[in-house]
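Structure first, then comments.
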Amino acid sequence: MHESQLTLIDSQDNPTVTDELTGLVRELNIDGKNKKTIEEIRASFGKAQTPTYIDTFSKQDKIPTSLRTEDITLISHAHGRQRRGERNIERQELQAAIKHGRKDIANPGRDGSKRWRYEHMGVVYITDETSRHEVTSWRIDGEDEDEEVEEIAPAEVELAGKGCHAVLIVDNSASMRASDVPGYETRAKAVYQCLRNDFAKEQLKSGAADDVVVTLISMSNDASVLIDTKPLDESFIKNIERISKRRPKSHGNYIPALDKALEVMTADAPNRSSVLLLFFSDGAPSDQSCMKCEHGIQIFDIDRKVDPKMQHTSKGSAWNCRKRIMEKLEKDCCNRVKRIGQVFGRDKVIFRTLAFGPIKEDFRLLEQMAGVLPRGEFQKLGLNAANLKTAFSSVSSSLLTLRTEGGHHASLTRRSDKVVDKNQKVDPTLRNLGEKDGWYIYAFDDFLGKFQFPDDDEPQSYQIRATGKKLVKSSLSPGANGFAFYETPYEEGAERFVYRCTEISAPIGYRPPDGSMSNTAQRCGLRLVAKEAKDVENHHQGRKWHEKFARTQLIAATLAKAFTKRLPNPYRREWTVTFIKTTIYGCVDLTYENYQAWVLVEPELDGKFLKWNNNAGLVRRSTATVRPTSNDNSNFETLDDIPQAFSHFSYEHSAGRQLVCDLQGVWNADDGYLLTDPVVHQVGEQRYINGATDKGLVGIKNFFETHVCSSLCKKMGLPLRTPASNLINYIKPAQKEYKKLDDKKYRSRGNGRRRQ
Ligand SMILES: [Zn+2]
Ligand SMILES: [Zn+2]
């Protein structure tokens, strides 16, 4: 990590403190053995704040209890009405909540406006300051009826282990006996020899021994497993030599081979983190010869010279039957490949189809099959041994990539000290917090500070970078002198636990000298959530690990600002895309690495949490539509089109370098989309520059595999990128292409608006 990234700037611009801090960080992070004492850590982060006692809840309005429910005026927002209709929440219920429910200060709106939070009978209502306009409402009792949403099924079998399973399907039909590869006895011998020298031996050289297993399936009439999930070692190489002496025979049927591959991959999945499937054939499939047409006739088995009608009433009807069988076969093969993607996760499977046969041979199906998966690739090798060697070397290096990817996740150890309690009954608005009730309280000397990356305006550069950013110390909300989070997480993501959290005001001497647990403090400011690593290795990285998330979110936030500006109507609040601000809090805690507890903190989002797309593409497509504006009623945008268009936009805006996805958060008509925890896929940089979820070009390809450009994409002038083969060549980013579009489209549109 670069030195400048570790520098903290004190808000008082005190150069001495900054220098000390840099030194401290260097020692703590780079040389863990040389630990500072707690006193030294405290001194380095500056003096503790003096507490001031402001009761933030004292201004809370009181509603006269004499009002009848029906008398409470309520301007129900159109969307609020629609949402309540969907969930059968009656208008009366909202009025009852205002009258009888528990009232608290809610987090403010995106524009800083004051809001109230009413909770009554398992429903939370957020209203504006007047309590007359409903911003959003949702059930917290889990009985919320969901809208109909089309989802991409998650992987059915978890690749939960280490390393890679490489499954090789090798054609062993009679045609492989042909002696037409210069330098080799037969086609089959050429394949096995290259498999041994350019694949197995290469892998052994690069130390694949313990994290790669290989299965070899021989494809003829049936599929037979010749090597079943064996490590790459000397005996594997001997096995290949033995197998190469077998005599190829009969047909090459694709379907049994694909079925067998799925079977062996499934059996070994718990031990692996990725799978590679190699499909090797010298010709089109022969499965059709044993398939029956709708007339019950094995039509491909009939010698056309002897019976041109093929036992049908006419030649034409026979040909139609042949055609339909071929179509069905193609569909069946592609569906099997698709199924493999469904089972293990579409982005987890590397799939190669290799055509090793005469150039004039029909290999369209091999090409089609490769197109089914985002990491699929088809190669036509001819009958050329040099091409064959290159292909095997390339498979070998793909495998190396998979091994690195697998290792990236497999080396993590889940923490054993925390268990998520989703039914946690902690009142998030409770005013007095006690350590004996399970709150970790840090104030005065135990609180090191609150830090954040400064906001970014839309930058000039077409690629948003956050690596040069420095953390800046920022102030707590009025009256606060520390912060607290609840000991047990109530939610979790892929990598992080989520805790309830708040800034606090603690009295002087809040921690008794005997270290007992009688501390109490008062809640201040916003309702917050804190996030912490789930795995030991990440947890021990402390602040550095959280910075990566904060940077990624900053990149997404900057792109979201640019997106909002370029919307066809940027003044529609409900279309605004905003990533919420992250801050990083530090505390002294003896139970943490280097005595420092660091957590990433965000305001709690009000509303029903939704996910619009995931790491690999589209998740959500509901039927709710945004009403068209009066001057623009040619196309309807659905509420789910906006996040999808934003992901696409981020790709164009960065000239093919970045794509923001995994879009999740809440939506309401006043704030628009409030999102958190994005994934940024980045190409042309070091791997995982934006964290473990950054899949680079593969992630971008996966997104465009499922993305369908909406009318909004078109209105914004985004180039059509589906199918994914239509992506910008990332090696030479087509900055010009986008800039040209940028200048023409957006500038002319801007001028047009000014002329109006
Ligand atoms: Zn027929
Ligand atoms: Zn699009």
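The values are calculated or read from the model by the stated rules, or taken from the named source; none is laboratory data. What you see is a predicted model; the values in this text were computed from it and never measured. Glycine also receives a Cβ, built like all others from the backbone with ideal geometry; neighbour counts cover every protein chain displayed. Heavy atoms of the whole protein, side chains included, go into the accessibility calculation; ligands, DNA and RNA do not. Shrake-Rupley method; radii C 1.70, N 1.55, O 1.52, S 1.80 Å.
The table below gives the values:
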item: FRET efficiency, 1/(1 + (r/R0)^6) with R0 35 Å, evaluated for ASN335 and MET121 via beta carbons; result: 0.15
item: Distance between modelled label sites at THR37 and LYS249, nm, 7 Å Cα→Cβ extension; result: 8.4
item: Peptides 276-283, 443-450, 120-127 ordered by average Cβ neighbours within 10 Å, highest first; result: 276-283, 443-450, 120-127
item: Mean Cα-pair separation over length for the stretch 276-407, i.e. relative contact order, pairs under 8 Å, 6 or more apart, %; result: 26
item: Members of LYS162/LYS338; LYS249/LYS328; LYS548/LYS695; LYS162/LYS348 lying beyond 21 Å, as alpha-carbon distances in this model show; result: LYS162/LYS338; LYS249/LYS328
item: Probe 1.4 Å, protein heavy atoms only - accessible area per residue of the stretch 158-246 in square angstrom; result: 42
item: Three-way shape call for the stretch 321-362 based on the alpha-carbon gyration tensor, with the a/c threshold at 1.5; result: oblate
item: Relative packing of peptides 218-225, 377-384 - highest average C-beta neighbours within 10 Å first; result: 218-225, 377-384
item: Around LEU727: net Lys/Arg minus Asp/Glu count, Cβ-Cβ under 9 Å; result: +2
item: Length gained when the stretch GLN424-GLU487 is fully extended (0.36 nm per residue, less Cα-Cα span); result: 21.6 nm
